[in-house]
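Enquirer: Pasting a structure here, questions to come.
No value in this document is a laboratory result; all are computed from the given coordinates. Treat the numbers as computed from the prediction; the structure is a model and nothing was measured. With ideal geometry, Cβ positions are generated from the backbone for all residues, glycine too; neighbour counts draw on all protein chains shown.
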Amino acid sequence: MSDYNNDDVQKKGEKVAPPPGSDYEVAFTYHSEAQLERSYDKAEHWVKNGVKPNQIFLDDRSMGVINFRKEMRDPLLIQAGVERMIDFRCSLTLSDTDVDAVFSSVCYYEPGCEPTYINAYDPELSSIKEVLNMVSTNLFNYLQKPLVQHD
């Protein structure tokens, strides 16, 4: 039985699937010279308690994969007083030394407006990539922190 229920998503007014042609992906890969201690556990904690996603599609320890959807305010524009939202799906693939973060179905919009899905020619692409890089860098930095030892 899946935790994912289409009826619940539709009742909440959330998007079930992005429109055709919105399959542009932004990928980041991070490699650590040292082994990442309990990377899956820490990534799962980061997603559920830090990111607080709108929806988790897949959380599979055996594959080292976490897929989720997040809608957030654009942190680059908050200080300028502009409220722009960014909505994305993220697929994390974790190993002992590597983290792949692939962002897909990425759109941005101002409240009350229709979303714009990014593509290779979007003038906002570099700004959106910077925000997604901030998200993935935050995860990688968190994964590199040593576990706290309680004596």
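Enquirer: Binned at 10 Å from 0, what are the whole-percent values of the Cα-Cα distance distribution for the range 68-128, short to long?
Expert: Bin by bin from 0 Å, the calculated values are 21, 47, 25, 8, 0.
Enquirer: What ranking of Cys90, Cys113 emerges when the number of other C-beta atoms within 10 Å of each C-beta is taken as an exposure proxy, fewest first?
Expert: Numbers: Cys90 25, Cys113 10.
Ascending number of Cβ neighbours within 10 Å: Cys113, Cys90.
Enquirer: For Tyr108, Tyr30, what's the fewest-to-most ordering of other Cβ within 10 Å of each Cβ? Don't skip to the end; give the middle numbers.
Expert: Working: Tyr108 21, Tyr30 17.
If I rank by nearby Cβ atoms, fewest first, I get Tyr30, Tyr108.
Enquirer: Could you give the distance between the Cα centres of the range 98-124 and the range 33-51, to the whole Å?
Expert: Each part's Cα centre sits 24 Å from the other's.
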